[in-house]
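The values are calculated or read from the model by the stated rules, or taken from the named source; none is laboratory data. Keep in mind it's a predicted model, so treat the numbers as computed, not measured. Cβ: placed from backbone, ideal geometry, glycine included. Neighbour counts: every protein chain shown. These area figures cover heavy atoms from the full protein model, side chains too; ligands, DNA and RNA do not enter into them. Shrake-Rupley method; radii C 1.70, N 1.55, O 1.52, S 1.80 Å.
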Amino acid sequence: MSTNKMLKTAIYENFIQFLHQKEQYENRETGVFIEELRKMIEVVSTLNMTELHTIACIGELEPINVTSIAEKMNLSKGNTSKVTNKLLKAGWVRKAQLNDNKKEVYFRLTTAGKKLFALHDELHNKEQQRMYKFLDKYSESELDLIKQLFGDLVDFYR
């Protein structure tokens, strides 16, 4: 086997192992997050990550309509409507209308939704700092290559 092929095989195997490790890490972190949520808001929740990220999207951009949420999150409008309706019924979000457009429905966070948004934002900031610390060991040229690699991976999986 050529050196090039052996390198590609090793990269592929490391990538698969990375995906498995990432999934296990996310499962652990989701459990920790839900436990933190239960402590802080005293609500037992059945939120999934799409619903949680929809709350984050609304919190960042409120007031925001279904079309804009769908575009921002790269979801279908139908799926976004289902998610926002579930969040509405659970009391995380509320409907709003703008003074100049009574026809269009917009979403805003409720008080509970704002608490969840703040907790989610705090955990994302911690994770971002953890990633920055991890990346400190790489030179600027290596960081450029890593940036290109992840950009290419995003394109590959589109």
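Things to note:
- Any hit, region 114-124, residues being in contact with a His (Cβ under 9 Å, 6 or more places away or on another chain) and in contact (Cβ under 8 Å) with a residue 40 or more places away in the chain: yes
- Scanning region 44-79 for residues that are β-branched (Val, Ile, Thr) and open to solvent by 20 Å² or more (accessible area, probe 1.4 Å) yields VAL44, THR46, THR50, VAL66, THR67.
- Residue match in region 118-132 (condition: more than 17 Å from the chain's Cα centre (by Cα) and of a type in the set (Gly, Ala, Ser)): no
- Residue ID - farthest from LYS147 (Cα to Cα), chosen from residues in region 114-129 that are modelled with pLDDT under 90 and either open to solvent by 100 Å² or more (accessible area, probe 1.4 Å) or not in a helix (DSSP H, G or I) (or both): LYS115
- The C-beta contact set for region 35-56 (first residue in a loop (DSSP other than H, G, I, E, B), second residue open to solvent by 50 Å² or more (accessible area, probe 1.4 Å) and modelled with pLDDT under 85, distance under 7 angstrom, 6+ apart or interchain) comprises VAL44/ARG38.
- The set of residues from region 62-113 being more than 25 Å from ARG158 (Cβ to Cβ), of a type in the set (Ser, Thr, Tyr) and assigned to a loop (DSSP other than H, G, I, E, B) comprises just one member, THR110.
- LYS82 being exposed (fewer than 15 other Cβ atoms within 10 Å of the Cβ), touching a Ser or Thr at 6+ places or on another chain (Cβ under 8 Å) and modelled with pLDDT of 85 or more: no
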